[in-house]
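The block underneath contains the structure these notes are about, expressed in C-alpha cells.
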Amino acid sequence: MLNENIKAIRKSKGLSQEELAVKLNVVRQTISKWENGLSVPDSDMLISISEVLETPVSTLLGETVVETKTDDLKAISEKLEVVNLQLAKLMQIKAKRTQTIHWLLISLCVVIVTVFTALIVSDSPYLGWNYNDPETAVLGTAFHAFEWLFVRLAPIILIGGIVGIFLTRKKV
C-alpha cells in the first residue's frame, strides 16, 4: 500500500525516481526499493516524502483520516512497524521457498545420478530380449527410448540443477 502510494503520487507530480531521490538526499535505488516494497522509509523520511510530494502522510499510508500533529509521529511509527512486520514475513516466505527449491534441486541431482548409475550397471539388458513377442518388443522399445532420451537430456538437467543449487544456497 505505502509503496504503491509513493509511486502513484510521485508519478502524478511528474517526478522521476532520480528527481525525488535528489530532493530527499537519497540514492535512486532507495526510491526503487520503497516503490517495489523491498524496504520502507523511517518515520522522519516519511515526513520528508510527504513534504516533497506535498501530500499528507496519512494519504501516503492509505488513510483519509486526519490526525492531530502530536499523534502523527506515533501513528506513523506504528504503521511503519506493521509494514516492517509484513515485509519480514514476506522475506521469511521467500527464504523458505528458496530453501525448498534448493532441496528439490539437490534431490533432482541425486535422482539423475542414481538413474545414470542404474543404467550403467544394467548395461541395457533389453538388447538381449526376444522381440518376437509384441509386448516384449513394445517394452524393449520403451526402455531403449527412455535410455536414449535420458542419456542426452540428463547431463543438461544435471548441470542446470547444480547451477540452481549454487544460486539458491544460503549465503553466510
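The values are calculated or read from the model by the stated rules, or taken from the named source; none is laboratory data. Remember, it's a predicted structure, so these values are computed and weren't measured experimentally. For neighbour counting, all protein chains shown are included, and Cβ atoms are generated from backbone atoms with ideal geometry for every residue, glycine included.
Overview of results
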read-out	value
Residues within segment 81-112 that are in contact (Cβ under 8 Å) with a residue 60 or more places away in the chain and farther than 30 Å from Ile162 by Cβ, tallied	1
Filter result for Ser32 (at pLDDT 90 or above, small (Gly, Ala, Ser) and part of a helix (DSSP H, G or I))	yes
Output for segment 68-103, where each listed residue is more than 30 Å from Ile47 (Cα to Cα) and surrounded by 13 or more Cβ atoms within 10 Å (Cβ to Cβ)	Thr98, Gln99, Ile101, His102
Selection count, segment 113-147, where residues are more than 30 Å from Ile162 (Cα to Cα), modelled with pLDDT of 90 or more and loosely packed, with under 10 Cβ neighbours inside 10 Å	3
Test: Val57 is surrounded by 12 or more Cβ atoms within 10 Å (Cβ to Cβ), under 30 Å from Arg169 (Cα atoms) and touching a helix residue (DSSP H, G or I) at 6+ places or on another chain (Cβ under 6 Å)	no
Residue ranges of helices (runs of 4 or more DSSP H) in segment 55-172 with at least 3 members more than 27 Å from Ser39 (Cβ to Cβ) and outside the structural domain of Gly14 (by TED's automatic domain parsing)	69-122, 134-168
Odd one out for Ile47 among (1) touching a residue at least 12 places away in the same chain (Cβ under 8 Å); (2) under 29 Å from Val163 (Cβ atoms)	(2)
Close pairs (8 angstrom Cβ cut-off, 6 or more residues apart or separate chains): under 15 Å from Val110 (Cβ atoms) in segment 145-161, exposed (fewer than 10 other Cβ atoms within 10 Å of the Cβ) and of a type outside the set (Asp, Glu) anywhere	none
